[in-house]
Amino acid sequence: MRRSGNTYDVIVIGAGHNGLVAAARLARSGRRVLVLEASDSIGGAAATSEIVPGYVGPAVAHLIEGFPKRIERGLKLGRHGLRYAARDVPTVILNPEGEHLQLPRNRKEFARFSKILPRDADAYRDRVALLRSQAALIEPMLGELPPDMQDVAAMRRFLRRIVWRTAFSGRAMLEGLMQTLPESIGDRLDGEFESPLLKGALAFDATLGSAEGPYAPGTSFRAVWREALRMQGQGLRQFEGGTGALCDALASVVNSQGGDIRLNTPVERILVEGESVAGVELADGMAMHAPLVLSAINPRATLIGLMGAEKLETQQAMELCHAPRPGSTAKLNLALERAPVFPRLAAEHYGARLLVVPALQALDDAANACREGRFSCEPALEIHVPSIADRTLAPEGQHILSVIVHYVPYEAEGGWTMKREAFVQKIVRTIAAFAPGIEDAMIAGEILTPPDIERKYGLAAGDWHQGDLRLDRLLGFRPSPSFGRYRTPVAGLYLCGAGSHPGGGVTGLPGWLAAEAAMHPEGSRK
Amino acid sequence: MERHDAIVIGAGLNGLVAAAYLARAGLDVLVLDRASAPGGIAMPYEIAPGFLLPRYALGSGGLPPRIAADLDLGRHGLRFIRADGGVTCFADGHYVANYRDGVVHRRELARHSRRDADAWTRYRRDMLRAARGLAPLLARPATGPARGLFAGLRARLSLADRLAELAPSGMADMLRLWTLPAAEFLDQYFESPHVKAHLCAAALMGGTLGPFSPMSASRLVWPWLSEAGGAMGGAPDTLMPQGGTAALVAALMTAIRAEGSAIRLEAEVTDILVKDRKVRGVELANGEAIAADVVISGLDVKRSFLSLFRWKDLPAGLVERVGRVRMRGVAAKVNMALDALPEFPGLPEGCPSIGGGLRLAGTIPAMERAFADWRDRIPPRDPLIDVLIPSIADPSLAPPGKHLLSAFVQFVPEELHDGPWTDESRDALRDLVTARLASVSPGIETRILACEVLLPGDIENEIGLTGGDLAYGETTLDQLFANRPFPGAGGAATPLRNFYLCSPSAHPGPFVMGGPGANAAAEVLSTRKGRG
């Protein structure tokens, strides 16, 4: 093949972590890879951003829980500088009126937990066991290509495997799953637990990243899915140097294999010749050629925006034409001139994932408020102080506070310009209730509302997950039935972002599996 | 001790259907009911002399032809009337009517949007397809996984094979229907807000989900289940028994008595007798004990297990499982006697759809607000109201020239956020309903001879239905099919030997009239055959 400056084996659009995982895997297989990124930095939503000089915070995602070991090993990321600042980070629910509650990870912690919540302890143990057994059932599906739905034999094998697995995994699995799939997490938790704090936290985990309230049918299943992603990964952990360190390591893999990563290079359109992809055209009109193009940006922007709906059949275009679901999560990063002080929080828990959650009813109200463009007076937050475990993020003695805010409307009533200040104040006040004096320690801050996330990271409507995790958008149906296996109607063009199976979160799996699909196109495999 | 082959507790429609099936199979059946008249929630009652309507039910709906034919109800004098399937009137003066005739119906939709009229063909096809797939599942017990390892496994493997053969688009359609919110599902077909609200309202009535709640779309398919649903290309029609539900109940009673079985009224069952984990009979309030091979309960699942049994007789964990079944009142019933036919100046004269029911609705966002109010237990401000004037299609129900009005008000909480319903809040609800009615039928308020409002609490107190939930348990997917009445049940059989459920708490729920009763009878008979 002709190897001029403009011709590559593979072009990857978007240098978020999924795009880079796909690029790195393909580069390691000996292909010459070009990664094109529209913004001025790699990482996308999994990047690290500087709040003010000297203070580095996680741009959007702050803790990693679903990044599989086999991707880390397969790409030899350790050799490319990936280090962990903290592993197995605990989760602590902040209690406004008593002892903070750590979700137990082992027997010793469980003993403490049952001392604080004697009546819920056994139910919690049962729930974790049930969740794990249900998650174990679907976990293998997350790490493999979804079955080809056109292929009756493959589908039959896939479905029969599920039936066999459920039949012999005990605990009346199928019965349990059939109820878990459609029920709401709120109803489930109300039936099992008493503590509003614990119920709030478990519902928070199940609904984070989605606009559905805890009483919406189908939310119980998300807890199972999330647990399954956790099993694929290696537990809650924090990279040294911030979340962006992952993308730096991935970029280093790409570069070491002779691949190129170009920043500030937006793609104008995807070039198609006949039935196959030919490359891309850049904003400056230059054409880059490759027989293989992978897009990590959202499926709609890829296929309708860059390629053009005229290459699609009506049905395929219709599946993509729905407006993107607006994101409902905001991010706040604060630079602190001294360490935050959480009275009653044990010293070893300062680096934990800290949850501020209202009771279920209030969480439900927050979801309703969000739908109407307002934010709740009792916000639900996930707080992390990354600089506790990783001293490189802030100057000596100073800290970073990273906050994920649940149920934040994309379109605020009266407009975000008007509401931004009040919103930040509300969040800071909520945190200050647990960490008094934090307002005075703030030296700078950065707030990313859903529209900001859209603008800054190109995520349509500010949705981190490029499409909600819904029962009708799983496996081969993600992002939609026609594009379920990373493939598109155009040969050589693949989707590799969070819009594809298994979805959002810093897992690298969509990128990893898309690369697999691209390396073994249908027909070439026996 | 008096002894029967089977005892049915509760002479509601399903109890009577179950008893009629069993009696026809040659069993000696005794039906017991604590009330002085049969019918349960469909109990015919006179709101004013000469005005006969079902007290707690709307009065529309017919038995599936299969059941009516099996029980030979035609011979016992039962006839059904078909009416065009209802009109939705909006606060802004617009209306959408349902017509059985496809050409007329599409023309009606074209008044709102030409594209929607075209989309109707696709929508109708998809609904009929889904209904056709669903119908066989409803006519037999949903296989619960509790049915033996190998039989269950075989059944599920064959289900897996059948699913695999569905084309991807078929599977995608199925997933969409069962998981999407109704509003979003309708967006995929229609554009006119009135057409969408018209269809959406039908999906919300009687349910506990809002238009934007996931999985509410599945309720759109129920009206299409009746075999004639949309057979002429239009919307599904409304079936009504001639002579009202009273005639339906009477025909079932005749069928039962013709086979030599008995119905005893004013006989309240207080206890179910259990020995060695098997149900042996019942005990009445007057202390009388009656023995039976099987006992079939037509009461709701909570009432059946939690109040008829001594808890220590129940298998471990059952009390908790039953306790967790969600039953919440969501609608109030309004009954009225009118001294003349109300006029509807906003509707075309002689519009046949009025006979099939009238729905007063707002836009889809207004429905979402009404739903949110219900969740917050605020008295309804803008409720959905389903009205049936059964005397239009069947003048025999009211004195000559006079009319009956039966209505459901959707999204009425059992209890208000600030305490129980008071007389003032009840009057306010009555006035709100009257005002909404007057907005489409000016002057109706002067024609009301009698009016009563039955709140969920009243329904619970009067007939013992838990929470006043007329669906006998919420009809979200986690409480349907194999999960109804509780996970792993999936049919009329219960964890207790010889004890069956035939109320809509059991599969297939409230959607198929008489369905739970027919299923219960079939299960009883197949078990007897297996043992015999």
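The values are calculated or read from the model by the stated rules, or taken from the named source; none is laboratory data. Note that this is a predicted model, so its numbers are computed, not measured. Here the Cβ is made from the backbone with ideal geometry for all residues, glycine too, and neighbour counts use every protein chain on show. The protein model used for the area step is the full one, side chains on, heavy atoms only, and it has no ligands, DNA or RNA in it. Shrake-Rupley method; radii C 1.70, N 1.55, O 1.52, S 1.80 Å.
Find the Rg to Rh ratio for segment A:438-506, where Rh is the Kirkwood radius over alpha-carbon pairs and Rg uses the same atoms. Walk me through the numbers on the way to the answer.
Details: Rg = 16.6 Å, Rh = 13.9 Å.
My calculation puts Rg/Rh at 1.19.
Between the helical axis of B:515-531 and the longest alpha-carbon principal axis of chain B there is an angle of about 20 degrees.
Counting only heavy atoms of the protein chains, get the accessible area per residue of chain A (1.4 Å probe) and round it to a whole Å² value.
On the way: 19920 Å² over 526 residues.
Accessible area per residue: 38 Å².
State log₁₀ I(q)/I(0) for chain A at q = 0.12, 0.13 Å⁻¹ as given by the Debye formula over alpha-carbon point scatterers of equal weight, solvent excluded. Each listed q maps to, in turn, -1.15, -1.35. Ellipsoid fit via the Cα gyration tensor, segment A:121-232: semi-axes of 27, 16, 12 Å, each the root of five times an eigenvalue, largest first.
The alpha carbons of segment A:297-422 give a radius of gyration and a Dmax of 20.1, 61 Å, in that order. Summing charges over all other residues whose Cβ lies under 10 Å from the Cβ of residue B:117, with Lys and Arg as +1 and Asp and Glu as -1, gives +2. Charge tally for residue A:38 (other residues, Cβ to Cβ under 15 Å; Lys, Arg +1; Asp, Glu -1): -2. Dividing the convex hull volume of the alpha carbon atoms of segment B:407-532 by its residue count gives 159 Å³ per residue.
Express in whole angstrom the spacing between the alpha-carbon centres of segment A:378-414 and segment B:375-406. Cα centres, segment A:378-414 to segment B:375-406: 55 Å. Taking the longest Cα principal axis of chain B as reference, the axis of helix B:13-24 is set at about 50 degrees. Divided by 2.2 N^0.38 Å, where N counts the residues, the Cα radius of gyration of chain B comes to 0.95. Counting only Cα atoms, segment A:174-246 measures 42, 29, 22 Å along its principal axes, largest extent leading. With viscosity 0.692 mPa s and temperature 37 °C, the Kirkwood radius over alpha carbon pairs of segment B:155-218 converts through Stokes-Einstein to a diffusion coefficient of 254 µm²/s.
Per-atom-type breakdown for the protein assembly as shown gives carbon and sulfur 52% of the accessible area (1.4 Å probe, protein chains only).
For n ≥ 4 DSSP H runs only, could you compute -39500 (n - 2.57) per run for the protein assembly as shown, divide by its residues and tell me the 222 nm figure to the nearest 500? Numbers along the way, then the final one.
Details: 32 runs with 363 residues, N = 1058.
Per the formula, -10500 deg cm²/dmol.
Size estimate for segment B:185-319 follows the Kirkwood approach: the inverse of mean 1/r over distinct Cα pairs works out to 19.7 Å. Distance between the C-alpha centres of segment A:168-244 and segment A:294-325: 30 Å, rounded to the whole angstrom. May I ask for the angle, rounded to the nearest 10°, between helix A:196-207 and the longest principal axis of chain A, with both axes built from Cα atoms and the value confined to 0 to 90°? For helix A:196-207, the angle is close to 10 degrees. Size estimate for the protein assembly as shown follows the Kirkwood approach: the inverse of mean 1/r over distinct Cα pairs works out to 31.2 Å.
Rounded to two decimals, what is the ratio between the C-alpha radius of gyration of segment B:99-236 and 2.2 N^0.38 Å? Provide the component values of the computation, followed by the final result.
Values: Rg = 16.9 Å, N = 138, 2.2 N^0.38 = 14.3 Å.
Cα-based Rg divided by the globular estimate yields 1.18.
Using bins of 5 Å that start at zero, the share of Cα-Cα pairs per bin across segment B:47-128 amounts to 3, 10, 13, 15, 15, 14, 13, 9, 6, 1, in whole %. Neighbouring Cβ atoms from other chains, within 10 Å of the Cβ of residues in A:318-330, number 1 on average.
Buried accessible surface for the A/B chain pair comes to about 3300 Å², total over both chains, computed with a 1.4 Å probe.
Please list, ordered by chain and number, the residues whose modelled amide H lies under 5 Å from the amide H of residue B:264; skip anything fewer than 5 residues away on the same chain. Under 5 Å from the amide H of residue B:264 lie the amide H atoms of B:31, B:32, B:33, each far enough along the sequence or on another chain. With Cα atoms defining each centre, segment B:468-492 and segment B:315-334 are spaced 9 Å apart in the structure.
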